[in-house]
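Working notes, structure below.
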Amino acid sequence: MFCSFKFTKKLFILMCACFLIALAAGGFGIHKAVTAVQADHELEQGIQLPIIMYHGILKDTKRQGNYVISPDLLESDMKYLKENGYTPVFMQDVIDYVKNGVPLPEKPIILSFDDGYYNNYAYAFPLAKQYEMKLVIAPIIAKTEEYSQANEENANYGHITWDNMKEMVDSGYVEIQNHTYHLHTNNQQQVGIKKKKGESESDYQARITQDVQMAQSKITEHIGRTPTTFVYPFGAFSKTSETYIRSMGFQATFGCESRTNVLTQNPECLYGLGRYLRTNEMDSAAFFESILT
Ligand SMILES: [Zn+2]
């Protein structure tokens, strides 16, 4: 009886253990299967990456419009993204995902700021730290040099200085990308890095290579990091622009077409990325609901 009891108890414990192991293995198996299905789905469908394009951030309502929004609206955008589970990432995170399979957070998004206005440092940077959100800033380097030399900091018309840029990058919340040294012009003679009328192909290549490389080396010299992404001024380009930009080593390019990007494991998906211009027209919910699916 005692023996039989002992045997039964042992058997019972053994059965329980087997049951738990089977349950754990089964659960793990299901989890593994779900993860594998998700990974397959991602590979087939790709990951959606919306990129938002901001410019200036100013309190003066008279200045707000297509290229300037208020600090309050930017804060409201950040709150909306946080509440809805979006995580702003750097281009380096995106490149690491596409080229090396390093996972991205769920619902990745890029908050990009063009031209490098001083008000980005004054208003967007403190909000980035407060809401723990990464920003991608593409400054016009000729302007950065001008304001660094003058040692002038003005939110209304100034641009970020090298010191501002270094402080933001060192914080871990800001990544700097290339928006040309001196080619951010939009007039009859020149539109961004577009080929000029009558310009020979070799003159064109030399002209844009010289300018964009100058921006690359200045940023590398002052910040200690080399931009990976070229941001087309005004989204303007010619037939051969992308070839020359790629030959300089850029791993990605931003345009101005309003669309959500799809990231796959093919590095080609990093070129000509679409972006949504953030104007002051809509509140955060209306804006993001109009572009995020
Ligand atoms: Zn610009």
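Examine region 280-287 for a residue that is away from the ligand (no atom under 16 Å from the Cβ) and either touching a Pro at 6+ places or on another chain (Cβ under 9 Å) or more than 28 Å from residue 68 (Cα to Cα) (or both), and state whether such a residue exists.
no
Only one of these is assigned by TED's automatic domain parsing to the domain that holds residue 230 and either without any contact (Cβ under 8 Å) to a residue 12 or more places away in the chain or under 16 Å from the mean Cα position of the chain (by Cα) (or both): 115, 163. Name it. Before the answer, list the steps.
On the way: 163 fails: either without any contact (Cβ under 8 Å) to a residue 12 or more places away in the chain or under 16 Å from the mean Cα position of the chain (by Cα) (or both).
One residue alone meets the criteria, 115.
Take the residues in region 113-127 that are buried (at least 24 other Cβ atoms within 10 Å of the Cβ) and small (Gly, Ala, Ser), then tell me which one is nearest to the ligand (Cβ to nearest atom).
116
When you scan region 76-109, how many residues do you find that are hydrophobic (A, V, I, L, M, F, W, C), within 15 Å of residue 131 (Cβ to Cβ) and in a helix (DSSP H, G or I)? Walk me through how you get there before you give the answer.
Just the residues of region 76-109 that are hydrophobic (A, V, I, L, M, F, W, C), to begin with: 78, 81, 89-91, 94-95, 98, 102, 104, 109.
With the extra rule that they be within 15 Å of residue 131 (Cβ to Cβ), the set shrinks to 78, 81, 89, 109.
Narrowing further to those that are in a helix (DSSP H, G or I): 78, 81.
Selection size over region 76-109: 2.
For a quick check of your reading of the model, give me the residue pairs whose first member lies in region 132-145 and is assigned by TED's automatic domain parsing to the domain that holds residue 52, whose second is within 13 Å of the ligand (Cβ to nearest atom) and in a helix (DSSP H, G or I), with beta-carbon atoms closer than 7 Å and at least 6 apart or on different chains.
Close Cβ pairs (under 7 Å, with a partner that is within 13 Å of the ligand (Cβ to nearest atom) and in a helix (DSSP H, G or I)) amount to 137/120; 141/215.
Determine, yes or no, whether residue 252 is more than 16 Å from the ligand (Cβ to nearest atom) and surrounded by 14 or more Cβ atoms within 10 Å (Cβ to Cβ). Spell out how you get there, then give the answer.
Values: more than 16 Å from the ligand (Cβ to nearest atom): yes; surrounded by 14 or more Cβ atoms within 10 Å (Cβ to Cβ): yes.
Yes, satisfied.
With within 16 Å of the ligand (Cβ to nearest atom) and not polar (S, T, N, Q) as the only criterion, which of 223, 193 stands out?
Working: 223 fails: within 16 Å of the ligand (Cβ to nearest atom).
That would be 193, the only listed residue that is within 16 Å of the ligand (Cβ to nearest atom) and not polar (S, T, N, Q).
Check off (1) of a type in the set (Val, Ile, Thr); (2) more than 27 Å from residue 278 (Cα to Cα); (3) without any contact (Cβ under 8 Å) to a residue 40 or more places away in the chain for residue 223 and give me the number that stays unchecked.
Among (1) of a type in the set (Val, Ile, Thr); (2) more than 27 Å from residue 278 (Cα to Cα); (3) without any contact (Cβ under 8 Å) to a residue 40 or more places away in the chain, the lone unmet condition for residue 223 is (3).
So which residues in region 132-144 are farther than 17 Å from residue 226 by Cα, surrounded by 18 or more Cβ atoms within 10 Å (Cβ to Cβ) and either among the β-branched types (Val, Ile, Thr) or away from the ligand (no atom under 16 Å from the Cβ) (or both), if there are any at all?
Within region 132-144, 133, 134 qualify.
Okay, residues lined up against (1) closer than 28 Å to residue 129 by Cβ; (2) in contact with a Lys or Arg (Cβ under 9 Å, 6 or more places away or on another chain); (3) in the same structural domain as residue 151 (by TED's automatic domain parsing):
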residue	(1), (2), (3)
174	yes, yes, yes
200	no, no, yes
207	no, yes, yes
216	yes, no, yes
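The values are calculated or read from the model by the stated rules, or taken from the named source; none is laboratory data. The model shown is predicted, which means the values in this text are computed figures rather than measured ones. Note that we place each Cβ from the backbone using ideal geometry, even for glycine, and neighbour counts take in every protein chain shown.
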